[in-house]
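The structure appears below as structure tokens.
The values are calculated or read from the model by the stated rules, or taken from the named source; none is laboratory data. Not measured: the values here are computed from a predicted model. Positions of Cβ are generated from backbone atoms using ideal geometry, with glycine treated the same way; all protein chains shown enter the neighbour counts.
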Amino acid sequence: MALMRVDFHSEVLGLGTSMTVILPQHTSSQVGMSGAAPQGDPPVLYLLHGLSDDDTIWLRRTSIERYVAPLGLAVVMPQVGRSFYSDEEHGNRYWTFLTDELPRLCHGFFRLSARREDTFVAGLSMGGYGALKWALRDPGRFAAAASLSGALDVATRRHHPTAPLDPGVWHTVFGDRPVTGTDDDTLALLDAAAGADLPALRVACGTEDFLYEDNLTFVTAARERGVPLTVDFSPGAHDWAYWDAKIQDVLAWLPLRAGG
């Protein structure tokens, strides 16, 4: 694998930012692991971070580089601050950056497949919300999307009785506007998605996680609307022990084409 931290200028954000990228490499002489690479342009997984983290966190807290080495899969991990992958009401345009500028830059910087069947997105917590929001708003881009411990009912987080979202974060991202029924509401996006040609969807959450109720709400809403998805509810908390294990399940579930 080739691992790089890419520092670059974003025209959308109007500032310098970073992403961490893993690129596949065919190897046979490494001790303890081997690497695979497809003959053509490799498939790509956009892997999104949570509220308190940045683009380096998946690499620091899991063995994601080792997990993807035999798969021939590129991984792009962008940095979006505490934006909830949204065009912030009182901040910056992170949704536009993520969904428009970032893919264009990545395809300019690297050899990556542009085929829908080779493009995937996943994330944890805030990133799980971002992954499913992206997949539901732009379903033709992805073959699969997965959420781990996602904040999938974000509209309830502002005044949640046990785990409310920080008021400063809410004000920056959403301002005073309602989230319910908008394109930032994953439950509302399910209404528009019902019957569409959706990517494969996966929702995983630990039963001891404070976001478990949000995930139950999302899964129930999806099933009521006939939106198919794979559900993985099992013991676990909102922590890296859970996410390190579950990202391996996600990688095994991705519909990677044989031979790239």
With respect to VAL76, is the statement that it is in a helix (DSSP H, G or I), at pLDDT 95 or above and within 27 Å of PRO255 (Cα to Cα) true? no
With criteria (1) closer than 20 Å to TYR129 by Cα; (2) among the aromatic types (Phe, Trp, Tyr); (3) surrounded by fewer than 18 Cβ atoms within 10 Å (Cβ to Cβ), PHE8 comes up short on (1)
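Yes/no per residue for (1) more than 14 Å from the chain's Cα centre (by Cα); (2) loosely packed, with under 15 Cβ neighbours inside 10 Å:
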position	(1), (2)
ILE22	yes, no
GLN39	yes, yes
VAL44	no, no
GLY50	no, no
ASP54	no, no
LEU59	yes, no
THR62	yes, no
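Those residues that are part of a loop (DSSP other than H, G, I, E, B), touching a residue at least 60 places away in the same chain (Cβ under 8 Å) and in contact with an Asp or Glu (Cβ under 8 Å, 6 or more places away or on another chain), I need them from region 237-255; list them, please.
Of everything in region 237-255, those that are part of a loop (DSSP other than H, G, I, E, B), touching a residue at least 60 places away in the same chain (Cβ under 8 Å) and in contact with an Asp or Glu (Cβ under 8 Å, 6 or more places away or on another chain) turn out to be HIS238, PRO255.
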query: Do the conditions hold for THR56, that is, is it among the β-branched types (Val, Ile, Thr) and touching a Ser or Thr at 6+ places or on another chain (Cβ under 7 Å)?
result: yes
Reported set for region 186-238 where residues are surrounded by 14 or more Cβ atoms within 10 Å (Cβ to Cβ), more than 19 Å from the chain's Cα centre (by Cα) and basic (Lys, Arg) is ARG225
Selection over region 198-232 where residues are under 16 Å from LEU136 (Cβ atoms) and in contact (Cβ under 8 Å) with a residue 40 or more places away in the chain yields a count of 10
Among the residues in region 36-58, are any within 21 Å of ASP249 (Cα to Cα) and modelled with pLDDT under 95? yes
